[in-house]
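Enquirer: Here's a structure for you.
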Amino acid sequence: MAMTLEEAPWLGWLLVKALMRFAFMVANNLVAIPSYICYVIILQPLRVLDSKRFWYIEGIMYKWLLGMVASWGWYAGYTVMEWGEDIKAVSKDEAVMLVNHQATGDVCTLMMCLQDKGLVVAQMMWLMDHIFKYTNFGIVSLVHGDFFIRQGRSYRDQQLLLLKKHLENNYRSRDRKWIVLFPEGGFLRKRRETSQAFAKKNNLPFLTNVTLPRSGATKIILNALVAQQKNGSPAGGDAKELDSKSKGLQWIIDTTIAYPKAEPIDIQTWILGYRKPTVTHVHYRIFPIKDVPLETDDLTTWLYQRFVEKEDLLSHFYETGAFPPSKDHKEAVSREMTLSNMWIFLIQSFAFLSGYMWYNIIQYFYHCLF
């Protein structure tokens, strides 16, 4: 009974804090998302006159919205430590991020750790489960040009055709640079058993920290976006003699997310903040596109190799609390990712001021009309 009485104040404060955070986030969404939509509507003439400038402005607002989501975790103490290669070096090039998938918090983690990578977030296209289309952020993603993919064998071929068409219509025309893809096709806990059974049946690697990836979406993306040289080989990576407009996709960024004790953060935790402060670890490895095979069988094998490497990386992390050093280094080097509190304050202030402005404008026209 004594323990219960001692824990009561802490549990009470945790509940109050969670309710306060939830109330703030509801208010944040009620002003930020409608404001974004209003700005996009009012800027439609610019889209006709100067499409590139329109999508640049839209991308900046999109980055601010994702920055607000990142700030929710930041102020709850959910920070990020980065390992491996520095992806800032390729932030101005076209790239695909291949990410392992454990929980809904993976998306929030990426929203946070990519905020300080220049215009990457503004020019990024996400491939996410179709269920996100029906969330509060779904309309923003639809406007921005993200792709919602429906899972399941019966939908697979149709979804790949839709993805190909979506890339043709939206990627170049909206000046997109990066694509985020989760090749496993679902959360680890949901797919692990099926993946292991498939691996056993087909004599493939038996994985526990990740699942075997699917190659369909990756192949569609590479075929659609990799620029071809005259001899037919892919142009990218170190093909610096090509003009920037003709380089196409240049890099594959193999991204591995690890949570302490293999306990992923979900979106509910990110919003309510009831879990103790946690450092999520993200490891990057960059591959030039010229080193990535484009044929289906070879690409599938290459993807399997990447996820076997992820398995080893995560096994090492869970045993030691750190990722191993790369072959060229004796010690692994980590970098603490930070967000500017002043920048967060400014974008939040802009959101609430915009909400207030649009409310008054709409109210004025309503009274004029009625």
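The values are calculated or read from the model by the stated rules, or taken from the named source; none is laboratory data. A quick note: this is a predicted structure, and the numbers were derived from the prediction, not measured. Every residue, glycine among them, receives a Cβ derived from its backbone with ideal geometry; neighbour counts consider all protein chains shown. In case anyone asks, the SASA skips ligands and DNA or RNA and just uses the protein heavy atoms, side chains included. Shrake-Rupley method; radii C 1.70, N 1.55, O 1.52, S 1.80 Å.
Enquirer: What number of residues in the range 316-339 are out of contact with any Pro (no Cβ under 7 Å at 6 or more places or on another chain), exposed (fewer than 12 other Cβ atoms within 10 Å of the Cβ) and without any contact (Cβ under 8 Å) to a residue 60 or more places away in the chain?
Expert: 6
Enquirer: Give the residue that is most open to solvent (accessible area, probe 1.4 Å), with candidates limited to residues of the range 172-193 that are free of Cβ contacts under 8 Å to residues at least 24 places away in the same chain and closer than 19 Å to Arg306 by Cα. Spell out the reasoning first.
Expert: As a first pass, look at the range 172-193 and keep what is free of Cβ contacts under 8 Å to residues at least 24 places away in the same chain: 172, 190-193.
Restricting the remaining residues to those that are closer than 19 Å to Arg306 by Cα gives 191-192.
Working: Arg191: 35, Arg192: 85 Å².
Step by step, filter the range 172-193, then rank; the result is Arg192.
Enquirer: Sticking with this one: When the residues of the range 127-158 are filtered to those that are without any contact (Cβ under 8 Å) to a residue 24 or more places away in the chain and more than 18 Å from the chain's Cα centre (by Cα), which remaining residue is least open to solvent (accessible area, probe 1.4 Å)?
Expert: Among those that are without any contact (Cβ under 8 Å) to a residue 24 or more places away in the chain and more than 18 Å from the chain's Cα centre (by Cα), it is Gly152.
Enquirer: Mind listing whichever residues of the range 70-93 are out of contact with any helix residue (DSSP H, G or I) (no Cβ under 7 Å at 6 or more places or on another chain) and surrounded by 22 or more Cβ atoms within 10 Å (Cβ to Cβ)? Let's see the steps before the verdict.
Expert: The initial filter retains those residues of the range 70-93 that are out of contact with any helix residue (DSSP H, G or I) (no Cβ under 7 Å at 6 or more places or on another chain), namely 75-77, 79, 81, 83-93.
Of everything in the range 70-93, those that are out of contact with any helix residue (DSSP H, G or I) (no Cβ under 7 Å at 6 or more places or on another chain) and surrounded by 22 or more Cβ atoms within 10 Å (Cβ to Cβ) turn out to be Ala76, Trp83, Gly84, Ile87.
Enquirer: Which of the residues spanning the range 298-311 are closer than 23 Å to Thr280 by Cβ and exposed (fewer than 14 other Cβ atoms within 10 Å of the Cβ)?
Expert: Going through the range 298-311, the residues closer than 23 Å to Thr280 by Cβ turn out to be 306-311.
None; the set is empty.
Enquirer: Looking at the range 219-241, can you tell me whether even one residue there is over 17 Å from Val80 (Cα atoms), touching a strand residue (DSSP E or B) at 6+ places or on another chain (Cβ under 8 Å), at pLDDT 95 or above and open to solvent by 10 Å² or more (accessible area, probe 1.4 Å)?
Expert: So far as the range 219-241 goes, no, none of its residues is over 17 Å from Val80 (Cα atoms), touching a strand residue (DSSP E or B) at 6+ places or on another chain (Cβ under 8 Å), at pLDDT 95 or above and open to solvent by 10 Å² or more (accessible area, probe 1.4 Å).
Enquirer: Are any residues in the range 340-370 assigned to a helix (DSSP H, G or I), of a type in the set (Ser, Thr, Tyr) and surrounded by 11 or more Cβ atoms within 10 Å (Cβ to Cβ), and if so, which ones? Walk me through it before giving the result.
Expert: Here is the first cut: in the range 340-370, the residues assigned to a helix (DSSP H, G or I) are 341-369.
Among the residues that remain, those that are also of a type in the set (Ser, Thr, Tyr) are: 349, 354, 356, 359, 364, 366.
Listed by number, the residues that qualify are Ser354, Tyr356, Tyr359.
Enquirer: Ok, one more. Could we say that Trp74 is closer than 24 Å to Phe22 by Cα and in contact (Cβ under 8 Å) with a residue 60 or more places away in the chain here? Can you show your working first?
Expert: Working: closer than 24 Å to Phe22 by Cα: yes; in contact (Cβ under 8 Å) with a residue 60 or more places away in the chain: yes.
In short, yes.
Enquirer: For Ser354, are the conditions met, namely being without any contact (Cβ under 8 Å) to a residue 60 or more places away in the chain and among the hydroxyl-bearing types (Ser, Thr, Tyr)? Step through it out loud before you land on a result.
Expert: Values: without any contact (Cβ under 8 Å) to a residue 60 or more places away in the chain: no; among the hydroxyl-bearing types (Ser, Thr, Tyr): yes.
It is false that Ser354 is without any contact (Cβ under 8 Å) to a residue 60 or more places away in the chain and among the hydroxyl-bearing types (Ser, Thr, Tyr).
Enquirer: Output the qualifying pairs, or none if there are none: Cβ atoms under 7 angstrom, residues six or more apart or on different chains, first residue in the range 290-314 and at negative phi, second residue open to solvent by 50 Å² or more (accessible area, probe 1.4 Å) and in a helix (DSSP H, G or I).
Expert: Listed pairs, sorted by first residue: Leu294/Asn223; Thr296/Lys219; Leu299/Lys219.
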